[in-house]
Amino acid sequence: MKVTKLKMLNNKADERRTAYILLIPAFIGLTFLTYGPLLAVFILSFFEMRAGGMPSFVGLQNYIQLFTTDPFFKDSIKATVYFTFLAVAGSMVYSLVVAMLLNRKIPARGIFRAIFFLPYMLPAVAVYLGWDWLYRTDNFGLFNYILNNWFGISNVLFLAHHAWVVPSLALVAVWLCGNMIVIFLAGLQNVPAVYHEAAQIDGANAWQRLWKVTLPCMSPIIFYNLLMSVIFNLQVVTPALALTQGTPGNASRFITFLMYDYAFRRGHLGLASAVSFLLFIIIAIFTGILFSTSKMWIFSEGEKK
């Protein structure tokens with residue numbers, strides 16, 4: 001018995017040692033690609049640093065400037081939060097509805113799944129440039145052509161009017177959420193059929209089964225997609241780089257684009273680092289809110305409510 005227990009302890013020690021060895025690349029990657037740059041950005045945010053020049057310590061001056069005299073920072077927060085709200089809400093509803101439709105037994109279901117997932121695989125810059133043609137106000141703009149000829153509505157400045165630019169860009173982000181459709185589809189296929197059968201026996205209609213069975217069972221998947229979508233859309237930069245350059249005014253000058261502008265166009269590396277670290281704080285706040293409220297609505301099997 002003692003020999004057997006000793007062998008079991010040795011096997012567990014070997015497994016633990018092997019696990020640590022296999023985790024070394026992940027630890028190295030997190031250290032040098034995530035935590036190291038984050039620490040460097042935090043340190044640089046306390047310096048006045050121009051491209052090609054020597055850094056000088058200025059303390060909190062960069063942060064004070066952003067919140068007081070900077071002409072772009074506050075507008076960039078508003079634009080980013082507004083875009084994130086529209087993109088997240090739209091993509092969650094759109095991807096869940098499409099996933100539920102694709103989960104039904106319909107002809108050519110595999111082809112439709114590939115079609116809806118395809119936009120996610122396309123290069124983001126190419127996608128936004130393609131949508132730029134749809135939004136144009138000349139004869140090449142499909143949307144304005146339809147509005148003019150079918151409904152008699154004059155041209156809408158989708159990308160040149162401050163009220164339309166963010167919703168127009170958010171619409172493209174919703175169209176690109178094919179990965180969320182796939183994740184929702186996988187979650188729908190894992191909802192126990194016995195729950196639906198029991199609800200049907202109790203007389204629940206399709207709408208009641210959706211709210212009382214499907215969505216509660218899908219709540220962990222909904223939380224994951226919601227979290228990933230919020231984090232991803234708060235870091236939006238491609239629409240501004242590819243189409244608007246932050247215009248009109250500061251309506252589409254997102255935080256990440258502001259960071260890019262300060263770092264690589266204006267050469268204010270210290271100020272750009274401060275913007276970057278504040279974006280990290282904003283993402284952490286939204287992430288913390290989601291995690292702190294998740295226990296109120298996430299359902300787990302066997303849990304007593």
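The values are calculated or read from the model by the stated rules, or taken from the named source; none is laboratory data. Remember, predicted model here, so these are calculated numbers, not experimental data. Ideal geometry is used to build each Cβ from the backbone, glycine not excepted, and the neighbour counts take in all protein chains shown. The area values use the complete protein model at the heavy-atom level, side chains included, leaving out ligands, DNA and RNA. Shrake-Rupley method; radii C 1.70, N 1.55, O 1.52, S 1.80 Å.
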Subset of segment 178-210, residues over 32 Å from the mean Cα position of the chain (by Cα), at negative phi and without any contact (Cβ under 8 Å) to a residue 12 or more places away in the chain, comes to V194, E197, A198, Q200, I201, D202, A204, N205
Between a residue in segment 99-124 that is under 19 Å from A173 (Cα atoms) and touching a residue at least 60 places away in the same chain (Cβ under 8 Å) and any residue that is of a type in the set (S, T, Y) and open to solvent by less than 70 Å² (accessible area, probe 1.4 Å), which pairs come within a Cβ distance under 7 Å, given they are 6 or more apart or on different chains?
A124/T238
From the residues in segment 175-184 that are assigned to a helix (DSSP H, G or I) and open to solvent by 20 Å² or more (accessible area, probe 1.4 Å), which one is nearest to F143 (Cα to Cα)?
W175
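Go through the residues of segment 86-97 one by one and say whether even a single one is in contact (Cβ under 8 Å) with a residue 40 or more places away in the chain, farther than 29 Å from T238 by Cβ and surrounded by 17 or more Cβ atoms within 10 Å (Cβ to Cβ).
Scanning segment 86-97 turns up no residue that is in contact (Cβ under 8 Å) with a residue 40 or more places away in the chain, farther than 29 Å from T238 by Cβ and surrounded by 17 or more Cβ atoms within 10 Å (Cβ to Cβ).
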Which pairs do you get when a residue that is within 15 Å of A251 (Cα to Cα), found in segment 64-75, comes within reach of a residue that is outside any helix (DSSP H, G or I), reach meaning Cβ atoms under 7 angstrom, with the pair 6+ apart or on two chains?
F72/N250; F72/R253; D75/N250; D75/R253
Residues of segment 254-305 satisfying the condition of being modelled with pLDDT under 95, of a type outside the set (S, T, Y) and in a loop (DSSP other than H, G, I, E, B):
R266, G267, K295, M296, W297, I298, F299, E301, G302, E303, K304, K305
Check whether at least one residue in segment 254-272 is loosely packed, with under 12 Cβ neighbours inside 10 Å, over 15 Å from A79 (Cα atoms), out of contact with any Lys or Arg (no Cβ under 7 Å at 6 or more places or on another chain) and among the basic types (K, R), and report yes or no.
yes
For F223, indicate whether it is of a type in the set (F, W, Y), within 20 Å of the chain's Cα centre (by Cα), within 30 Å of V275 (Cα to Cα) and open to solvent by less than 40 Å² (accessible area, probe 1.4 Å).
yes
Listed by first then second residue, the pairs whose first member lies in segment 1-26 and is in a helix (DSSP H, G or I) and modelled with pLDDT under 70, whose partner is among the basic types (K, R) and open to solvent by 100 Å² or more (accessible area, probe 1.4 Å), with beta carbons under 7 Å and at least 6 positions apart or on separate chains, are none
When A251 is run through (1) farther than 21 Å from H161 by Cα; (2) surrounded by 18 or more Cβ atoms within 10 Å (Cβ to Cβ), the failure sits at (1)
Among (1) under 17 Å from the mean Cα position of the chain (by Cα); (2) in contact (Cβ under 8 Å) with a residue 24 or more places away in the chain; (3) open to solvent by 20 Å² or more (accessible area, probe 1.4 Å), which single condition is A284 missing?
(2)
Can we say G141 is crowded, with 17+ Cβ neighbours inside 10 Å and modelled with pLDDT under 95?
yes
Of everything in segment 226-248 that's over 16 Å from V165 (Cβ atoms) and not polar (S, T, N, Q), which residue is most open to solvent (accessible area, probe 1.4 Å)?
F232
Mind telling me which of the residues T31, T18, T69 ends up being out of contact with any Leu (no Cβ under 6 Å at 6 or more places or on another chain), open to solvent by 100 Å² or more (accessible area, probe 1.4 Å) and among the polar types (S, T, N, Q)?
T69
